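This report refers to the structure that appears directly beneath it.
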Amino acid sequence: MPTYELSVIIKALQRPELAQVIKRCCTHVLDQGGMIRKMENLGLKPLPYRMKNHGQKFYEGNYILIHFDAPTTIPKQLGEIFTLDTDIIRKNIFTQEEFSPPCLLKPCEFGELSNPDHEKSIWWRRVRRRNMRWERRKEQKKV
């Protein structure tokens, strides 16, 4: 089963109502055959822009992240369920890829040049060109 991340923005509610909405979200995930791994409450924050949902305008919301494992059919089903919930402003379900550090797969390359003197040689070439142009102009003015 792939790992998913459910990102939910819930309208600004008091703590008991917020807990009920989060519990409802988790129960929907469990009912669809998912297994919750981790849940994070990022707190009440102002929204980046005014959002409208179910005929209301929202300026702030509670951000919740739920990490879970589930069958591949679950994102569509959860999307339909969460669209009907009036307490949820926005929902996004992302597939989470397994992270493997790049240095384990192949030699580490972080954008460094294979020849460390390369940049220095380019700089000297530019300086020499500039000096050559300056010398030519000097000679042309004499003539």
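The values are calculated or read from the model by the stated rules, or taken from the named source; none is laboratory data. Given the structure is predicted, the values throughout are model-derived calculations rather than measurements. Cβ: placed from backbone, ideal geometry, glycine included. Neighbour counts: every protein chain shown. To get the accessible areas, we keep the full protein, side chains included, count just its heavy atoms, and leave off ligands, DNA and RNA. Shrake-Rupley method; radii C 1.70, N 1.55, O 1.52, S 1.80 Å.
Can you tell me which of (1) modelled with pLDDT of 90 or more; (2) part of a helix (DSSP H, G or I) is the one L42 doesn't meet?
All conditions pass for L42, except number (2).
Step by step: first the residues of the stretch 47-63, then only those that are closer than 16 Å to S7 by Cα, within 19 Å of the chain's Cα centre (by Cα) and not polar (S, T, N, Q), then the one that is most open to solvent (accessible area, probe 1.4 Å). Which residue is that?
Looking at the filtered set, the residue picked out is P48.
Scanning for something of a type in the set (A, V, I, L, M, F, W, C), at pLDDT below 90 and within 30 Å of T73 (Cβ to Cβ), does the stretch 1-15 turn up at least one residue?
Looking through the stretch 1-15, at least one residue is of a type in the set (A, V, I, L, M, F, W, C), at pLDDT below 90 and within 30 Å of T73 (Cβ to Cβ).
Restricting attention to the stretch 1-29, report how many residues are over 19 Å from the mean Cα position of the chain (by Cα) and part of a loop (DSSP other than H, G, I, E, B).
Looking only at that region, the number is 4.
Among the residues of the stretch 13-38, which ones are surrounded by 15 or more Cβ atoms within 10 Å (Cβ to Cβ), of a type in the set (A, V, I, L, M, F, W, C) and without any contact (Cβ under 8 Å) to a residue 60 or more places away in the chain?
Result: L18, I22, C26, V29, I36.
Hey, can you tell me all the residues within the stretch 82-123 that are surrounded by 10 or more Cβ atoms within 10 Å (Cβ to Cβ), in a helix (DSSP H, G or I) and modelled with pLDDT of 80 or more?
Answer for the stretch 82-123, where residues must be surrounded by 10 or more Cβ atoms within 10 Å (Cβ to Cβ), in a helix (DSSP H, G or I) and modelled with pLDDT of 80 or more: F82, T83.
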